Amino acid sequence: MKIIFVKKIKIDGAPCRKCRDVAEKLDKDGITPLINETWTADERDKTTAVWEFIDRNKIERAPFFIVRDKYEEKIFITYFDLKKYLLEKGALSQKDSIKPTEVDYDTPDDLYYI
């Protein structure tokens, strides 16, 4: 399994706040070592392959994750969904499971539109 973290740089050159927050969650939850690649969608240059992927897949929010294996490719728009998937696939241990009391900051209102 290959996991790609796609984050965004805003038009003013600043990193997307939500992308920073999710990167911190990845570290806190021990998922960072599972990330194989990080792609950056820089709003100052929309001619890159990252933007082609975004357009082709009609993705409207950042950050997001791409999970590829031998047979398929899945796109996860929320950190919560990625973490749940990794838990179901056995890539995370039970101690890393999502607790019901956690706040889910991956609601559409908190995601940045691309």
Matching residues, region 22-58, being over 27 Å from residue 90 (Cα atoms), among the aliphatic types (A, V, I, L, M) and either modelled with pLDDT under 95 or under 15 Å from the mean Cα position of the chain (by Cα) (or both): 41, 50, 54
Where residue 74 falls short, out of the listed (1) among the basic types (Lys, Arg); (2) in contact with a strand residue (DSSP E or B) (Cβ under 7 Å, 6 or more places away or on another chain); (3) in a helix (DSSP H, G or I): (3)
Among the candidates 55, 21, 27, residue that is touching a residue at least 24 places away in the same chain (Cβ under 8 Å) and in a helix (DSSP H, G or I): 21
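The values are calculated or read from the model by the stated rules, or taken from the named source; none is laboratory data. Only a predicted model underlies this, so the values are computations on that prediction, with no experimental measurement involved. Cβ sites come from the backbone with ideal geometry, for glycine too, and all protein chains shown count toward neighbours.
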